[in-house]
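**Student:** Submitted below is the structure of interest, expressed as structure tokens.
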Amino acid sequence: MADFDNDMDPGAYVATWNARIGGESAGYLFFNEVEVYVDRSAQAGITLGLSTYACAVTDANGDGFLDIYAVNGDDFGTRDTLYLNNGNSNHWIEIDPRSIISNRDAIGLKAWLTAGGVTQVQELYSTTALPSLLHFGLGLNTTVEQLVLRWPRWLVETYTDLPADQVFRPVEGTVVPFPAAGMTLR
């Protein structure tokens, strides 16, 4: 589950092993369209019909849109597939927290993000592809009105008026982002 089109509604990529059974496409991409999930696999180019055992979701090329890495295999030497997201005009923000009081990767951090009057909630789990990163689609909104972070040791910090289309790097206990340490904000 992730916001692949940055429209503020989570979509879903389903990796299945059904290519062995019926030869159908093994990866399915569903977009949430007015509370109904619609299969957009063909439009996204997910039509290879491979047996997909697992997948990871991350912004592999740093353009602000989540990409899918599918782990394929059917005993005939199939290769894994990286599906790059071509994106759209929607905006985004990624939260890359640094914890100095709680655990280093801020596992257990809970984030409430409000943009355009809509509040989204996410929590960092150790099972995510990048355990220290949260990705939020912002739709047409160019500003995050409010970001509330509850760190693993229950410290709560609030940030307001954050610009879209960036990686925001808050540091626990400072209420100010730390310098990017040689990295460029995108």
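The values are calculated or read from the model by the stated rules, or taken from the named source; none is laboratory data. All values reported here derive from a predicted model rather than from experimental measurement. With ideal geometry, Cβ positions are generated from the backbone for all residues, glycine too; neighbour counts draw on all protein chains shown.
**Student:** Of the residues that make up the stretch 17-28, is at least one touching a Lys or Arg at 6+ places or on another chain (Cβ under 9 Å), assigned to a loop (DSSP other than H, G, I, E, B) and at pLDDT 85 or above?
**Tutor:** no
**Student:** Scan (1) in a loop (DSSP other than H, G, I, E, B); (2) modelled with pLDDT of 85 or more for the single condition ILE46 breaks and write down its number.
**Tutor:** (2)
**Student:** Could you count how many residues in the stretch 116-152 are farther than 23 Å from ALA12 by Cβ, surrounded by 13 or more Cβ atoms within 10 Å (Cβ to Cβ) and not hydroxyl-bearing (Ser, Thr, Tyr)?
**Tutor:** 9
**Student:** If you check ASP96, ASP105, which single one turns out to be at pLDDT below 90, surrounded by 15 or more Cβ atoms within 10 Å (Cβ to Cβ) and either touching a strand residue (DSSP E or B) at 6+ places or on another chain (Cβ under 9 Å) or among the acidic types (Asp, Glu) (or both)?
**Tutor:** ASP105
**Student:** May I pose another question? Select from the stretch 29-42 the residues that are out of contact with any strand residue (DSSP E or B) (no Cβ under 8 Å at 6 or more places or on another chain) and modelled with pLDDT of 85 or more and write down the one among them that is surrounded by the fewest Cβ atoms within 10 Å (Cβ to Cβ).
**Tutor:** VAL36
**Student:** Cβ-Cβ under 8 Å, sequence separation 6+ or interchain: first residue in the stretch 133-151 and over 16 Å from ASP96 (Cα atoms), partner assigned to a loop (DSSP other than H, G, I, E, B) and of a type in the set (Ser, Thr, Tyr). Which pairs?
**Tutor:** Matching pairs, first to second residue: LEU140/SER89.
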